[in-house]
Amino acid sequence: MRARVIVRLKPGVLDPQGAAVEDALHTLGFTGASNVRVQKLIELDVDAADADACKLLVLEMADQLLRNPVIEDCGVEVLQ
Amino acid sequence: MSKSALNKLKDTDLTTSEHGQAVGLSLDEFERAVKLIGRVPNKVELGCIGAMWSEHCSYKSSRVHLKRLPSAGPRVLVGPGENAGVVDVEPGNPQGWAVAFKVESHNHPSYIEPYQGAATGVGGILRDVFTMGARPIAAMNLLRFGRVAHPKTPSLVDGVVRGIGGYGNCFGVPTVYSSAEFDAAYDGNVLVNAFALGVLRKDRIWKGNASGVGNPVMYVGAKTGRDGIHGATMASDSFSAGKESERPTVQVGDPFKEKLLVEACLELFERGAELLVGIQDMGAAGLTSSLFEMASRAGSGVVIDLDQVPARETGMTAYELMLSESQERMVLVAQAGKDDDVRAIFHKWDLDCTTIGTVSDDGVVRLRKDGVEVCVLPATPLADEAPRYERPFTAPARPEPLTRVDVQALKKNPIQIVLDVLLSPSTAPKTWIYKQYDREVGAGTLMDGTHAAAALVRIPETQIAVALALCCNSRQCSLDPHEGAVRAVVEGVARISAVGAVAVGVTDCLNYGSPLVPEQMGQLAAGVDGIAHACRVLEVPVVSGNVSLYNQTDDQSVLPTPAVGVVGVVDDLATVAPAMPLKAGDVLIRIGAPPTSLEGSFALWGKVGRKGALPVLDLAATSILCGFVRDLRRGGHVLDARPTLLGGLAQCLFDFARCADLSARATLPVDEDFFASFLGEERLCFVVAVDNQGVFDVQRRCADAGIASAVLGALGVSSSFRLQDSGGDVVFDRPFQKLVDDAEAVVPDLIASGRRRSA
Amino acid sequence: MTVVVVTFPGSNCDRDCITAVVEGAHGAALRVFHKEHELPETTTAVILPGGFSFGDYLRCGAMAARSNLMPAIQRFVDAGGPVVGICNGFQILCEAGVLPGALLRNRDGRFHCEEVELEVSGDSPLLVAYQRNENIVLPIAHGEGNYFADDDTIALLERERRIAFRYVARDEQGHGAINGAKKAIAGVVGGPQRNVIGLMPHPERRSLDLHGADDGMPLLEALLSYSEHRRHS
């Protein structure tokens, strides 16, 4: 089963990449852009019986490695 | 003919001369290939021939000139032709230390994709060095960018610097020296030359030999993907504005994988000949050049099963596997029956290691794919009998002579002309660049380019240090390609002399335009002669190098830029005081006879461009001067020394002051011309900083040696940077801190301007 | 007694730390590979060196923190054994939860290699060789040294005097000017007996004669003398 994990910095944690992108967008004239955050997207195949089991397994992976709970939270989506 | 017709062919389809053009072979070369193998090559074979006979791999236009370089010497352990040159550091000690080093260009890839282009340039040169058995301990680079106002310049600078830092920092080699300059001639072709130096025991030098019939040929490192196919032919072609889409994909570097590779290889080298026969990295032209060169060096052949090559993508053809330039890969030949021991070492470091074939004795490279023989080519003829050309060349046109009006115009506003020199992007401090390089990993850096004339790095666990600098005054080379190249060697030797080292070896990277343009070929020929002449007089051999041609876009060629890397040795690092902080009151003494004209100077170029002759240096006198300063630097009162180079004495004094964080004041001795003495580059001098008590001693030693010296002034006596003429009149006077701040802001402002401009 | 320097794939300051211990502090040092499950019995102190462990892919230190040897290091910490994590080693200790907080990308998004002035500000047996509130100069070399922890954690660190080092140069909010580190935190104290220090600057690069300064030596010496002291008590 294919799963997708989005890892993002928690609100309030500085995101220098996001800030740099936002600056660049502003200098390009996209002055309406704000709150830019750069996130990580991880996709993987998982050996699981069904979507629920898959999601549970991936959440466990996220807690053990894919995210750092001090600074990041995450969302899991089962694709197929 | 475009590459698309070639792309339609299958691996074993026979080719025509038109396909040959698509891999960079001329009609004559295609015919030559047919004659050599006695039949028409198939697609895989044609790809191999095209790569091996590319300018990049075969040096077909430059080889006839390169042999004029002096490459022998009592310290030379390995000369040109191997992955890197090796020079003895401890003559007299049979198990003593040696250094392996080389400089190489990655100009074309860096222009297309500055981060990855520069990063993989660093990766490639590091592999060249550790393939010899050496642990890399220092890296340098020489960068040339277009004019600051060119829209691409800021992003190219940013990307290249990030790429070099990104790779070197992660790999763990200190990047200790960087030369970065700007000129409109590089608008369409940047230069990114990367240098690496490693240390090894001289009885443990490894070479790329595939010898011993039946020995396994092994593939180690990253998997092979479709990246960079035709990179070698790209580096052998000039850019033109419409051809963007035909450029090959850029390789992506993985410095982490390379770090694993170096550690695993060094472990393998420790085990010595018990396990290993020969090893070579896969650089330009990937597996092709490694297999052909290794077989050719040993006079052997190889039988390879391409199905065993670890592939990153599915459905890769033999053609693609042979020509991929995926990074961080090596080929090695192990002792028969030792495959498992070799594999165990690489597996410890989580690296792929696969036996892909065996060494044979028929001198033929045989490749199989899916059970079918897809390539049968003789190794030695292909590697050694690549075409060589004596391309027609003409002496480059001399620049227009300087007129009285030119010089008078320059002298009209001395304050502005000094400021123009000190605040030019080419002379300005490169702090912004250096800060992005880890200059201290290895914990052996005594000096680096941020504060010294050359870098100085300790050989681990010894009291020996290696000095290095990478130099070229491209503008002087444009005025006179021969004398300019002489001066590039002299600059390197002067720089390492200033930190107390004896020059032991040179590596060069010859960056020129198209070999098909006689005048540009003439620049190359003159440059080689200049380097050869200077190296003979200064008694330092050229042990490795690289040629980069076709650095031109449409009709604009780069300034002739023979980058010269000079390596020196300090036998006992206690003799060169560790960069002692200079203090207020330290005296600045000029050593050597001052220039008497402005010809060849950076100040003049900035005002009138390519005009005037480049005066010929008295090499013998300069050599004596360098040796004298080296000895002076090694003991006693001299705290620091710098040669006068780009920007002349004024720039040298400013760098002295800026690095010491102390202002400086200098007054010329009687009867000297302000402009010639402060801004001239006709001759090379040194400035030394001397403890107050040492002034008399230094002057006496100069007098004894018959070398001119003059006390110019002192550091830190006021808050302004002041230059006074022979009469004692103040000609230039600026608040020191403001001047430093302005100079330090030049490069960061350049980057910021790019961001503003894209708005 | 042996100072163990752990080598992860991608560590590149492991040899430098060994040289600093052996040549600078005249101690004994041993390189131990991350695939081991136990520390050698003779281990009296552990250094997690700088570098780019596992390429710093995913997050700095994330994969090293989950390598075979880490549980043994955690047990060593729990038993009061002295541990210093330098640069990437600091990032690993944070990822492993041995120290609080995390290290984010530098505020300007760039790698910085330069000397910084630091204030020695915490209480730890590993800091005793410095004067209290002494200012020292050490080089940094990192792209991700921007210390972050939530406000409660920072308050706790301050209250318990567990901020080992602070950058002297600060912005208007009091964060480190060089990388944006919260409260200018350059190093943190942890462990049951304040026996762990993680710091971004490189003490091993200021420990030999050739470095021209020895501001890193007091930390290395304290690491050795504390191990010695523990062995005898």
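The values are calculated or read from the model by the stated rules, or taken from the named source; none is laboratory data. Just so you know, these numbers come straight off a predicted model, no measurement behind them. Glycine also receives a Cβ, built like all others from the backbone with ideal geometry; neighbour counts cover every protein chain displayed. Remember, those area values only see protein heavy atoms, side chains included, never the ligands or the DNA or RNA. Shrake-Rupley method; radii C 1.70, N 1.55, O 1.52, S 1.80 Å.
Odds and ends about this structure:
- Between the stretch C:30-66 and the stretch B:524-542, the alpha-carbon center distance in angstrom: 49
- Residues of the stretch B:285-307 with amide N under 16 Å of a point placed 7 Å along Cα→Cβ from B:Asp362: B:300-305
- Average other protein chain Cβ within 10 Å of Cβ, residues C:203-214: 4
- Percent accessible area from carbon and sulfur atoms, chain B, protein chains only, probe 1.4 Å: 51
- Sparsely packed trypsin sites (Lys or Arg not before Pro) within the stretch B:83-173, loop by DSSP, other Cβ within 10 Å at most 13: B:Arg147
- Separation of the C:Arg132 and C:Glu228 label points, Cα + 7 Å toward Cβ, nm: 2.5
- Förster radius 45 Å - calculated FRET efficiency between B:Val34 and A:Leu65, Cβ distance, rounded to 0.05: 0.20
- Extending 7 Å from Cα along the Cβ direction at B:Arg404 and again at C:Asp209 yields two label points whose distance is 6.2 nm.
- At 1.306 mPa s and 10 °C, Stokes diffusion of chain B via Kirkwood alpha-carbon radius, µm² per second: 60
- Filtered trypsin sites (Lys or Arg not before Pro), the stretch B:38-67: DSSP coil and at most 12 other beta carbons within 10 Å: B:Arg39, B:Lys67
- Trypsin sites (Lys or Arg not before Pro) restricted to DSSP loop in the stretch B:393-456 with at most 13 other C-beta within 10 Å: B:Lys412
- Inter-chain Cβ neighbour average for residues B:430-437, partner chain, 10 Å: 2
- The B-C contact accounts for roughly 2600 square angstrom of buried accessible surface, both chains included, probe 1.4 angstrom.
- Fully extending the segment from B:Glu539 to B:Leu516, taken as 0.36 nm per residue of separation minus the present Cα-Cα distance, adds 5.0 nm.
- Percent of Cα pairs exceeding the 22 Å cut-off, where the set is the stretch A:2-79: 38
- Amide proton proximity set for B:Met282, modelled H, under 5 Å, gap of 5+: B:Arg329, B:Met330, B:Val331
- Amide H contacts under 5 Å for B:Val103: B:Asp508, B:Gly545, restricted to partners 5 or more places along the chain or on a different chain, H placed in the peptide plane at 1.01 Å from N.
- Neighbourhood charge, 11 Å Cβ-Cβ cut-off, centred on C:Gly122 and excluding it, Lys, Arg +1 and Asp, Glu -1: +1
- Distant-in-sequence amide H partners of B:Leu712 (H built 1.01 Å from N, under 5 Å): B:Leu588, B:Ile589, B:Arg590
- Mean sequence separation of contacting Cα pairs (under 8 Å, at least six apart), scaled by the length of chain A, corresponds to a relative contact order of 52 percent.
- Normalised by the number of residues in chain B, the average gap of Cα pairs under 8 Å and 6 or more apart makes the relative contact order 15 percent.
- Put a dot 7 Å past the Cα of B:Lys583, heading toward its Cβ, do the same for B:Ser726, and the two dots end up 3.6 nm apart.
- The HN-Hα couplings worked out from phi for the stretch B:717-724 by the Karplus form 6.51 cos²θ - 1.76 cosθ + 1.60 (θ = phi - 60°) are 8, 8, 9, 10, 9, 10, 10, 10 Hz, whole numbers, x standing for Gly and Pro.
- Legend: distances between Cα atoms for B:Lys35/B:Lys223; B:Lys223/C:Lys35; B:Lys202/B:Lys223; pairs beyond 25 Å are B:Lys35/B:Lys223; B:Lys202/B:Lys223.
- Residue-by-residue Karplus 3J(HN,Hα) for the stretch C:163-175, coefficients 6.51, -1.76, 1.60, Hz, glycine and proline x: 8, 6, 9, 10, 5, 6, 7, 10, 8, 4, 7, x, 7
- Kirkwood analysis of chain C, using all unique Cα-Cα pairs, places the hydrodynamic radius at 17.1 Å.
- Helix A:16-27 vs. chain A, principal-axis angle (Cα, 0 to 90°, nearest 10): 40
- Cβ-derived FRET efficiency at R0 41 Å, B:Val711 paired with C:Gln193, nearest 0.05: 0.10
- Paramagnetic reach from C:Glu158 (point 7 Å along Cα→Cβ, amide N under 19 Å) across the stretch A:1-16: A:13-14
- Averaged over the residues of peptide A:67-76, the number of Cβ atoms from other protein chains lying within 10 Å of each residue's Cβ is 4.
- For the stretch C:182-205 versus the stretch B:666-745, the gap between their alpha-carbon centres in whole angstrom: 46
- The angle separating the long axis of helix B:339-348 from the principal Cα axis of greatest extent in chain B is about 50 degrees.
- Chain B: angle of helix B:695-705 to the longest principal axis, Cα-based, in degrees nearest 10: 70
- Where Rh is the Kirkwood radius over Cα pairs, Rg/Rh for the protein assembly as shown: 0.96
- Calculated mean residue ellipticity, 222 nm, chain B: -11000 deg cm²/dmol, from DSSP H runs (n ≥ 4) at -39500 (n - 2.57) each, averaged per residue and rounded to 500.
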